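Everything below concerns the one structure shown next.
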Amino acid sequence: KKSVFQQAVENTPEIKDGYCSGLKAVKGSERTKITADEPTFIDGSVNIDSCVLALYPDDARWDYAISFKGQVCFLEIHPAYDKEIKKMNDKLQWLKRWLRTKAPQIDTLPRYSKPFCWVPSGGTGFLSASVSRKKIALLGISYENRLELK
């Protein structure tokens, strides 16, 4: 039986073939940045970026949507430096606009407690109490060293 997330992805023309079970949509090297206390509760994933690359080649696209226990988390794995904060905000604004206009079924699904998560692709450039971390939080983005689905 298909999950609500899988149905929503398949009903979204721009990513309709992008659904993968578990974390299979997440690039292998990046999969180590995600843990789940109950991996069997990962309903599926989609690499939004690779699915829409040809449609929006010059846009700041968001990486992944992951469904865990019926809730969607949008994950971006990206370098963590001050100069990247604006780029992350551009990606978030792109994602919100894309969800609203191109992926309304996904947009209406329940959101994970930290719906928009930024995990550093390399080392982190931010201290936990830094001004940068506050800026990121004000944008509505959770900055985590790894995505821990609980």
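The values are calculated or read from the model by the stated rules, or taken from the named source; none is laboratory data. Values in this document were obtained by computation on a predicted structure and should not be read as measured data. Cβ: placed from backbone, ideal geometry, glycine included. Neighbour counts: every protein chain shown. For the accessible areas, the whole protein counts, side chains as well, though only heavy atoms, and no ligand, DNA or RNA atoms are used. Shrake-Rupley method; radii C 1.70, N 1.55, O 1.52, S 1.80 Å.
How about region 133-150: which of its residues are over 13 Å from residue 84 (Cα atoms), outside any loop (DSSP other than H, G, I, E, B) and either among the hydroxyl-bearing types (Ser, Thr, Tyr) or in contact (Cβ under 8 Å) with a residue 12 or more places away in the chain (or both)?
142, 147, 148, 149
What residue, of 131, 119, is touching a Lys or Arg at 6+ places or on another chain (Cβ under 6 Å), β-branched (Val, Ile, Thr) and more than 24 Å from residue 16 (Cα to Cα)?
119
Residues checked against (1) part of a helix (DSSP H, G or I); (2) more than 23 Å from residue 107 (Cβ to Cβ); (3) at pLDDT below 95:
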site	(1), (2), (3)
18	no, no, no
25	no, no, no
30	yes, yes, no
50	yes, no, no
61	no, no, no
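Quick one: in region 70-94, which of the residues that are basic (Lys, Arg) and modelled with pLDDT of 95 or more is least open to solvent (accessible area, probe 1.4 Å)?
91
Show the residue pairs that are 6+ apart or on different chains and have beta-carbon atoms under 8 Å apart, the first residue being within region 108-119 and under 18 Å from residue 63 (Cβ atoms), the second being aromatic (Phe, Trp, Tyr) and modelled with pLDDT of 95 or more.
These pairs meet every condition: 109/5; 112/68; 115/74; 116/74; 117/74.
Got a sec? Which of 43, 63 is under 15 Å from the mean Cα position of the chain (by Cα) and under 23 Å from residue 123 (Cβ atoms)?
Numbers: 43 fails: under 23 Å from residue 123 (Cβ atoms).
That would be 63, the only listed residue that is under 15 Å from the mean Cα position of the chain (by Cα) and under 23 Å from residue 123 (Cβ atoms).
Taking the conditions exactly as written (open to solvent by 40 Å² or more (accessible area, probe 1.4 Å) and more than 16 Å from residue 144 (Cα to Cα)), does residue 102 satisfy them or not?
Details: open to solvent by 40 Å² or more (accessible area, probe 1.4 Å): yes; more than 16 Å from residue 144 (Cα to Cα): yes.
Yes; evaluated as a whole, the condition is true for this residue.
Of everything in region 112-150 that's surrounded by 12 or more Cβ atoms within 10 Å (Cβ to Cβ) and of a type in the set (S, T, N, Q), which residue is farthest from the chain's Cα centre (by Cα)?
130
Where residues in region 34-69 are free of Cβ contacts under 8 Å to residues at least 60 places away in the same chain and β-branched (Val, Ile, Thr), which of them is surrounded by the fewest Cβ atoms within 10 Å (Cβ to Cβ)?
40
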